[in-house]
Each structure stands twice: as C-alpha cells, then as structure tokens.
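Notes for the one structure printed next.
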Amino acid sequence: MNLSQGRPYLAIPGPSVMPDRVLGAMHRAAPNIYEGPLHDLTARIFTDLRRVARTSAHVAIYIVNGHGAWEAANANLFSRGDRALVASTGQFGLSWANSVRRMGVEVEVLDFGRSVKADAGQIEAALRQDREGRIKAVLMTQTDTASTVRNDVAEVRAAIDAAGHPALLAVDCIASLGCDPFLMDEWGADVAVAASQKGLMVPPGLGFVWFSDKALAACKGSDLRTPYWDWEPRAFAEEYWQHFCGTAPTHHLFGLGEALTMILDEEGLANVWARHDRLARSVWAAVDAWGVGGDIALNVAAPDQRGTSVTAVRFGGGAGGRLRGWCQELAGVTLGIPLGMAQSNEPAYGDYLRIGHMGHVNAHMVLGVLSVIEAGMTALSVSHGPGALDAAAAVIAGA
C-alpha cells in the first residue's frame, strides 16, 4: 500500500523546510526598490546577519547559491598565483578547493577523510613549512554537508597562531549557521561564507560573506575581483543598488527578514542551537540502537565531531539506497543522497543516506522521520536492533 499521500516531508540537508511565515512574507507584490520600507528592512538584515554570526565584521550579500558564495570569497581573498591551504573533511571541502583552483590559485589540500575532524597539528605543521608565507588563507568547513563532520574552528585558528603564520582563516558555515554555534569574532575567523537555504530557512538564492577588517586590508589588491564579486561596494554601499550590484533580491529579503526575526528575536539564537543539539542527539540515539545486531552505523563516531544539522548513516548491503526509495515512494519522506561517500555507479553508494534536521524542524518531525525509516527497514527486512524509537523519544524528553 502506498502511504505517501498528504504533505510530503523533505528531510534532506537543504533546501530545508521553510516556515509558512517566511513563505507568507515573500507572497506579496514587488516593492519600490528606490526608497522606503525595503531600504529599512535591508539595513536591519545587515545588522541581524552580524548577530547570527556573532560578529562585528562587514557583510556582503550576493544573489547566488553556496557555490557562488565560495566564488565571492575566492575572488576577494586571492590573486592569481596565491596559495590556499584547504583542510578537507568531506565532499564540500574538496569542492571548495576545486573552486579556488579553477580560479588560478595554487591549492594544497590536507585531506582528513570523511569521518573525523581536521587535525590542527597537521595544519600547524603545513604552515610552518611555508617559510615564505605564500599561503594566503586556510579554508575549512565548519560542518561538511556531505560527511556531516563538524570541525573545531577555534582549534584551527590556534594552530595558525601557533605557527606564527599570517594566513587568514576562511570558514564555510553553509551547513552550520543557525544550527551549530558559530562565534566568528571569538573564534578568530577572518572570513565566513553561508547561504540562505539551510539553517536560515529561506529558499536558495542568497549567499553571504562576512569579512573582518584584517581580511579587508589583506585583500585590498586581490586581482581576481570583478565588479560583480567585489565585496566592498556591497558592504559599504553609497547607493542602495550597490549592495546587490543592481536590482535587489526583493522577495528573498522579505523572507530573510522574517526568518532572522524568528531566529534572533523570538526563539533566540542560544535556544536555536540547543534545539538542534537535542534533535540531533535523538537521531544519533536511534541509529545507535538500530546498529545493535545490524550493519548500521553513524558515519562520524565521535559525538563532538558531528554537525547538529545533518546526520550521515551507513546501512550496509545497499540498504541505504533501498530505504531512501521506500521512504520517498511509499511514505512521503525524502532523505538525503550519500553525496561524496561513494560514486553513484559504485555499490557502496547504496550503503549511505543522510537525514537532514536543520532549520524549521521540531520534535514530531524528527521522530516521524525516524519512525518512517524504521517502518522501511521492517518492510524491506533490513536487520536492525530494537528500541530505537524509545531511545530517540527519551532524548527528546530530556532523559
């Protein structure tokens, strides 16, 4: 029997579930872009973007997805022939490295695999070997959306300082901002990159780059910068249109303003972080229980190295792929593909799936996804341990 009728649930790691209030805020006629309320809203958004990243840094907004936000950061950070050190813990670390490389920057990748955080000691050692100071910046993801590894930003900053190296620290927060704590100023990040479609609960289409005074000064002469990517007019606009290098993304701004109000002024950022932590731990408890007596395991073994926005799970024997199909086709729940864990033509591709629990997500949504996955395992005769739903419920209950 097909039980997928009714409202479908997209439990993937972005685009995330959008609040009805955000959709409602966007459902309006086009505004006057030359003066008035839109300008006031935009000024508030710039302030609130600093609040959500816990920073006093400058902010540039781009009409792009996350890859475009990378390119914006790349274009301002580097000149042709500069060198970048990339600490990779999954597909998106490697993808950012490739983005930089294709723009003419020399890239050294420290690949830490797909299941543990970046080793700050190795980063420090690589910087000490760069005696000429050619490395312009260290690039890292806070949470890699594919592997779901969460890195320690402050630890990497400390490694740069211990090496006595002038490299800037640039952090991809696309999968973590508004989910995991990110303290840009306290942790010493010089540049941060994020996008609208994950923890910020807005449709894809906006990318954000925060940059410190240090980064602004260090990157003044970057020759990869073009009129569109230049962060200075966007951050220090003398006329409103310069914030966006043309027409403003009006309806995205309406949605973003509403989302930031919900995050910062109603729920509160600390509570948002705590909610994501509790929901993530409920997922982890369920997977741990399923793994008793079955070939099921969390991709990241250490709890303090897991992002709270998304969880990657291995279901051996191709069960991950079969489960994704069953959950979507027969139960109306779409789970994330195993991005970067294996090639789509390899048998191991069917062993993984990702559960998104970011943004506008609550207890019954997460418990519902876990229940559907368990129903799918039962229907498909996938061996799994008992008590997973009880374990998840106990975490939700605070036990």
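The values are calculated or read from the model by the stated rules, or taken from the named source; none is laboratory data. On a predicted model such as this, the values are computed, not experimentally measured, just so you know. Because the Cβ atoms are built from the backbone with ideal geometry, glycine has one as well, and the counts that use them run over all protein chains shown. To get the accessible areas, we keep the full protein, side chains included, count just its heavy atoms, and leave off ligands, DNA and RNA. Shrake-Rupley method; radii C 1.70, N 1.55, O 1.52, S 1.80 Å.
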Check: Mind checking which residues of the range 47-58 are part of a helix (DSSP H, G or I) and either without any contact (Cβ under 8 Å) to a residue 60 or more places away in the chain or within 10 Å of Leu177 (Cβ to Cβ) (or both)?
Finding: Thr47, Leu49, Val52
Next item on the list: Taking the residues in the range 215-255 that are basic (Lys, Arg) and over 24 Å from the mean Cα position of the chain (by Cα) as candidates, determine which candidate is surrounded by the most Cβ atoms within 10 Å (Cβ to Cβ).
Entry: Arg225
Item checked: Meets criteria (more than 21 Å from Gly14 (Cα to Cα) and part of a loop (DSSP other than H, G, I, E, B)) for Val382 -> yes
Next item on the list: Sort out which residues of the range 154-183 are within 25 Å of Met262 (Cβ to Cβ) and either free of Cβ contacts under 8 Å to residues at least 60 places away in the same chain or surrounded by 24 or more Cβ atoms within 10 Å (Cβ to Cβ) (or both), and write them in order of number.
Entry: Val171, Asp172, Cys173, Ile174, Ala175, Ser176, Leu177, Gly178, Cys179, Phe182
Margin query: Suppose we filter the range 317-335 for residues that are of a type outside the set (Lys, Arg), open to solvent by 20 Å² or more (accessible area, probe 1.4 Å) and in contact with a strand residue (DSSP E or B) (Cβ under 8 Å, 6 or more places away or on another chain); how many remain?
Written below: 3
Check: Pro204: touching a helix residue (DSSP H, G or I) at 6+ places or on another chain (Cβ under 9 Å), touching a residue at least 24 places away in the same chain (Cβ under 8 Å), within 30 Å of Gly356 (Cα to Cα) and not in a strand (DSSP E or B), yes or no?
Finding: yes
Next item on the list: Starting from the range 344-360, keep only residues that are of a type in the set (Asp, Glu), then list their pairs with residues that are surrounded by fewer than 17 Cβ atoms within 10 Å (Cβ to Cβ) and assigned to a loop (DSSP other than H, G, I, E, B) whose Cβ atoms are within a distance under 9 Å, requiring at least 6 positions of separation or different chains.
Entry: Asp351/Asp295; Asp351/Gly316; Asp351/Gly317; Asp351/Gly318; Asp351/Ala342
Notebook entry, point to check: Which one of these is without any contact (Cβ under 8 Å) to a residue 24 or more places away in the chain and assigned to a loop (DSSP other than H, G, I, E, B): Pro227, Pro233?
Noted result: Pro227
Checklist line | Filter result for the condition that a residue is within 22 Å of the chain's Cα centre (by Cα) and in a helix (DSSP H, G or I), over Met365, Met358 | finding: Met365
Checklist line | Total residues in the range 336-355, condition open to solvent by 30 Å² or more (accessible area, probe 1.4 Å), part of a loop (DSSP other than H, G, I, E, B) and either in contact with a Cys (Cβ under 8 Å, 6 or more places away or on another chain) or not polar (S, T, N, Q) (or both) | finding: 4
Notebook entry, point to check: Out of curiosity, is Ile61 assigned to a strand (DSSP E or B), open to solvent by less than 80 Å² (accessible area, probe 1.4 Å), within 14 Å of His252 (Cβ to Cβ) and not aromatic (Phe, Trp, Tyr)?
Noted result: yes
Item checked: Flag if Arg28 is open to solvent by 100 Å² or more (accessible area, probe 1.4 Å) and under 19 Å from Pro204 (Cα atoms) -> yes
Check: Say we look at the range 1-18 and pick out the residues that are closer than 14 Å to His357 by Cα, in a loop (DSSP other than H, G, I, E, B) and of a type outside the set (Gly, Ala, Ser); which of these is least open to solvent (accessible area, probe 1.4 Å)?
Finding: Pro13
